[in-house]
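The values are calculated or read from the model by the stated rules, or taken from the named source; none is laboratory data. A quick note: this is a predicted structure, and the numbers were derived from the prediction, not measured. Here the Cβ positions follow ideal geometry from the backbone for every residue, glycine too, while neighbour counts run over all protein chains shown.
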Amino acid sequence: MIAVIVIVVVLILLLVTIRIVPESNEVIVERLGKYNRTLHAGINLMIPFIESARSRVSLKEAVLDFPPQPVITKDNVTMMIDSVVYMKVFDSMLYTYKIMNPRQGVETLSATTLRNLVGALTFDETLTSRDTINAKLQTELDEATDAWGIKITRVEVKNIQPPKDIQEVMTKQMRAEREKRQAITEAEAHKQSVVTTAEGDKAAKVLAAQAEAEAAVARAEGEAKAIELRANAEAAALRTLTEANVSPEVIRLKSFEAIQGVANGNATKIFMPTELLDEVSRSEILGEGIKSGFSEAAPKMARPADLSDKHMDIARSPRPDSSIHKKAAAASRLMQYEEESRDTKETGNY
């Protein structure tokens, strides 16, 4: 019976003496009500009834999500800002004895520091300076919580909620900005379309002009080639006539035949060399003189000039100032005068 009692007492003493601390935790030990030491992870021994465990502190990083806090900006805009603080304990003794409620202390310190930082910024700067606010807030909180054994690893401003009227203004401004960007985009698209169309029209006109120029060059080359061929043919004909020693009378005859061929066409004007016109004039006057001689020998056989004669076509040319026309007119007047003289003689005889 005594042995059982002894065993039970020994077991109780062992349980009280041996203290197992989990990983990432520390235990504060007090001896007779005073801080003695800190137990780390593993098996630790304590003096029964003299030493006692004050508290167990977690060394893991904790996330403190605080509710939104009212903050007033430099331009007197009241907004609600909530932040998230990441912290961990680096000294269990300071964390246990230097502050009554560490989490509440960090929350209050975070709210006051955030008000100080945002109070120095305008509303627009607050919306666009989150990184700056986070960095300054982390630095100031870390310095203030060193005395509590707390390390602030990170601070994030989670949400900024402006008043409703400002939200409406921001919504209208955002809508106007988007409409502006849309109008600019449509204008740029229209401009690009117009420029592309103009460039296409320009290219088409350039190609058409090039094609027309090439066609004109081709036509000019064809005409030049035709002129060259005609000139070569005429030169060859002249060479042939020269080599054949053709008499001037044959050349004149050919000239008359050429004039007859031209006159039989649809031409309204005939251009002839002066020498050829002189020949025609002489031939016409000679013919009229012969006809006059026959008329005097046989007055009753006289008849008017043959208008179907090929030379009369030349005499009736639309060029009244030509030499042939003048000579033909003189011959006609001479014939009229002779006819009038003959009629007068015949009248006197009767």
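There is at least one residue in segment 210-228 that is modelled with pLDDT under 85 and either assigned to a helix (DSSP H, G or I) or under 26 Å from the mean Cα position of the chain (by Cα) (or both).
Yes/no matrix, rows are residues, columns are (1) exposed (fewer than 13 other Cβ atoms within 10 Å of the Cβ); (2) not in a loop (DSSP other than H, G, I, E, B):
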{"position": "15", "(1), (2)": "yes, yes"}
{"position": "38", "(1), (2)": "no, yes"}
{"position": "64", "(1), (2)": "no, yes"}
{"position": "74", "(1), (2)": "no, no"}
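Does residue 19 fit the bill of being surrounded by 14 or more Cβ atoms within 10 Å (Cβ to Cβ), at pLDDT 90 or above and not polar (S, T, N, Q)? For residue 19, the condition - surrounded by 14 or more Cβ atoms within 10 Å (Cβ to Cβ), at pLDDT 90 or above and not polar (S, T, N, Q) - is not met.
When segment 43-55 is filtered for residues that are loosely packed, with under 14 Cβ neighbours inside 10 Å and without any contact (Cβ under 8 Å) to a residue 40 or more places away in the chain, the ones remaining, listed by number, are 43, 45, 47, 48, 49, 50.
Does residue 83 qualify as being closer than 23 Å to residue 107 by Cβ, more than 60 Å from the chain's Cα centre (by Cα) and not hydrophobic (A, V, I, L, M, F, W, C)? In short, no. Checking 182, 167, 192, 161 one by one, the residue that is surrounded by 10 or more Cβ atoms within 10 Å (Cβ to Cβ) and in contact (Cβ under 8 Å) with a residue 60 or more places away in the chain is 161 and no other. Among the residues of segment 140-175, which ones are polar (S, T, N, Q) and under 18 Å from residue 107 (Cβ atoms)? Passing the criteria: 145, 153, 159. Out of 78, 108, 96, 113, one residue alone is surrounded by 14 or more Cβ atoms within 10 Å (Cβ to Cβ) and over 30 Å from residue 19 (Cα atoms). It is 113.
Within segment 22-42, residues that are free of Cβ contacts under 8 Å to residues at least 60 places away in the same chain reach partners that are buried (at least 17 other Cβ atoms within 10 Å of the Cβ) and not in a strand (DSSP E or B) with beta carbons closer than 7 Å, at six or more positions or on different chains, in the pairs 29/46; 38/92. If you go through segment 122-141 and pick out every residue that is assigned to a helix (DSSP H, G or I) and crowded, with 16+ Cβ neighbours inside 10 Å, you end up with 9.
Of 121, 137, all but one fail to be closer than 21 Å to residue 75 by Cβ, out of contact with any Leu (no Cβ under 9 Å at 6 or more places or on another chain) and in contact (Cβ under 8 Å) with a residue 24 or more places away in the chain; the exception is 121.
Does segment 95-103 include one or more residues that are under 58 Å from the mean Cα position of the chain (by Cα) and either modelled with pLDDT of 90 or more or outside the structural domain of residue 147 (by TED's automatic domain parsing) (or both)? Checked segment 95-103: no residue is under 58 Å from the mean Cα position of the chain (by Cα) and either modelled with pLDDT of 90 or more or outside the structural domain of residue 147 (by TED's automatic domain parsing) (or both).
When residues in segment 79-121 are screened for being in contact with a Gly (Cβ under 7 Å, 6 or more places away or on another chain) and not in a helix (DSSP H, G or I), 5 of them pass.
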